[in-house]
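S.K.: I'd like to ask some things about the structure below.
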Amino acid sequence: KNQVEQSPQSLIILEGKNCTLQCNYTVSPFSNLRWYKQDTGRGPVSLTIMTFSENTKSNGRYTATLDADTKQSSLHITASQLSDSASYICVVSARNTGTASKLTFGTGTRLQVTL
Amino acid sequence: DTEVTQTPKHLVMGMTNKKSLKCEQHMGHRAMYWYKQKAKKPPELMFVYSYEKLSINESVPSRFSPECPNSSLLNLHLHALQPEDSALYLCASSLPLLAGGPLYNEQFFGPGTRLTVL
């Protein structure tokens, strides 16, 4: 069964500090891994997408890494801001023969940035 | 236009009501998705339409009825819902995966409709 696990479940950090979120997956055959940011009551917004050939991708203060051998990914947030407070969801897509992708979602890490 | 819009933002309905959720995109995407998300849980896929045809139905109860009248619109018709159906309903769209094309298609999510069933 395809699964995506994230840790920690929740995290509180001070504004300006860095943090790293973890994602382990057992999705096969692997196609790509995405990190989404979701504010409470809003739709997820894509931060990064990586295929098996990519091992790092950045989007501003967000840097994602992927180790396809160990099936692990991380999302590093630099110089956190209050607006970074949200849920961060790791999502993995399996290769399929259809025209629409089916995603396996992690349970998310709830990040709270405080003063 | 690079966004997915959903209406209404909030909906409160009784168990005997009939209502519809609407989703619209003008990005030329030919794959559209309905997800259900309970509080503090990840989104759960309900339906996928590809080229206006239903391609995935994740064993969703028949009280939820999707409709894709054209390539820009996706509806979710609701009838005789239960209180446990209260959730955030998310719509998403993406370009279709095509042979020889990109390895992935990014899904763009709408802001969701917060549904409460009394």
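S.K.: Can you say whether A:Leu47 is surrounded by 12 or more Cβ atoms within 10 Å (Cβ to Cβ), out of contact with any His (no Cβ under 7 Å at 6 or more places or on another chain), touching a residue at least 24 places away in the same chain (Cβ under 8 Å) and more than 12 Å from every other protein chain (Cβ to nearest Cβ), as far as the supplied structure shows? It would help to see each step written out before you state the result.
M.R.: Numbers: surrounded by 12 or more Cβ atoms within 10 Å (Cβ to Cβ): yes; out of contact with any His (no Cβ under 7 Å at 6 or more places or on another chain): yes; touching a residue at least 24 places away in the same chain (Cβ under 8 Å): yes; more than 12 Å from every other protein chain (Cβ to nearest Cβ): no.
Taking the combined requirement at face value, the residue does not satisfy it.
S.K.: I would also like to ask the following. Could you list, in sequence order, the residues of the range B:9-37 that are in a strand (DSSP E or B), more than 11 Å from chain A (Cβ to nearest Cβ) and not aromatic (Phe, Trp, Tyr)? Lay out the reasoning, then the answer.
M.R.: From the range B:9-37, those in a strand (DSSP E or B) are B:10-13, B:18-25, B:31-37; that's our starting set.
Checking the rest, the ones that are also more than 11 Å from chain A (Cβ to nearest Cβ) come to B:11-13, B:18-22, B:24-25, B:34, B:36.
Those that are in a strand (DSSP E or B), more than 11 Å from chain A (Cβ to nearest Cβ) and not aromatic (Phe, Trp, Tyr): B:Leu11, B:Val12, B:Met13, B:Lys18, B:Lys19, B:Ser20, B:Leu21, B:Lys22, B:Glu24, B:Gln25, B:Lys36.
S.K.: Now for a different question. Just a yes or no: is a residue in the range B:91-98 modelled with pLDDT of 95 or more, within 14 Å of another protein chain (Cβ to nearest Cβ) and outside any strand (DSSP E or B)?
M.R.: No, that holds for no residue.
S.K.: Identify, from the list B:Met27, B:Met13, the residue that is touching a residue at least 24 places away in the same chain (Cβ under 8 Å) and in contact with a Lys or Arg (Cβ under 6 Å, 6 or more places away or on another chain). Steps first, answer last, please.
M.R.: On the way: B:Met27 fails: in contact with a Lys or Arg (Cβ under 6 Å, 6 or more places away or on another chain).
Of B:Met27, B:Met13, the one residue that is touching a residue at least 24 places away in the same chain (Cβ under 8 Å) and in contact with a Lys or Arg (Cβ under 6 Å, 6 or more places away or on another chain) is B:Met13.
S.K.: Moving on to the next point. Inspect all residues belonging to the range B:38-51 and state whether any of them is more than 30 Å from A:Phe52 (Cα to Cα), within 12 Å of chain A (Cβ to nearest Cβ) and surrounded by fewer than 16 Cβ atoms within 10 Å (Cβ to Cβ). First the steps, then the outcome.
M.R.: In the first step, residues of the range B:38-51 are kept if they are more than 30 Å from A:Phe52 (Cα to Cα); the result is B:38-39.
Retained after the next criterion (residues that are within 12 Å of chain A (Cβ to nearest Cβ)): B:38-39.
Keeping just the survivors that are surrounded by fewer than 16 Cβ atoms within 10 Å (Cβ to Cβ) gives B:38-39.
Yes, the conditions are met somewhere in the range B:38-51.
S.K.: Also, I was wondering about something else. Scan the range A:60-96 for residues that are part of a loop (DSSP other than H, G, I, E, B) and either touching a Lys or Arg at 6+ places or on another chain (Cβ under 7 Å) or more than 9 Å from every other protein chain (Cβ to nearest Cβ) (or both) and report the count. Reasoning before the result, please.
M.R.: Kept after step one, since they are part of a loop (DSSP other than H, G, I, E, B), are these residues of the range A:60-96: A:60-61, A:68-71, A:78-81, A:85, A:95-96.
Okay, now just the ones that are also either touching a Lys or Arg at 6+ places or on another chain (Cβ under 7 Å) or more than 9 Å from every other protein chain (Cβ to nearest Cβ) (or both), so A:60-61, A:68-71, A:78-81, A:85, A:96.
Residues meeting the conditions: 12.
S.K.: Out of all the residues in the range A:1-48, which are farther than 17 Å from A:Ala94 by Cα and hydrophobic (A, V, I, L, M, F, W, C)?
M.R.: A:Leu11, A:Ile12, A:Ile13, A:Leu14, A:Cys19, A:Leu21, A:Val45, A:Leu47
S.K.: Could you run through the range A:15-55 and say how many residues are more than 24 Å from B:Phe109 (Cα to Cα), part of a strand (DSSP E or B) and polar (S, T, N, Q)?
M.R.: Adding up the residues that qualify gives 1.
The values are calculated or read from the model by the stated rules, or taken from the named source; none is laboratory data. Being a predicted model, the structure only gives us computed values, none of them experimental. Don't worry about glycine lacking a Cβ; one is built from the backbone with ideal geometry, like all the others, and counts go over all protein chains shown.
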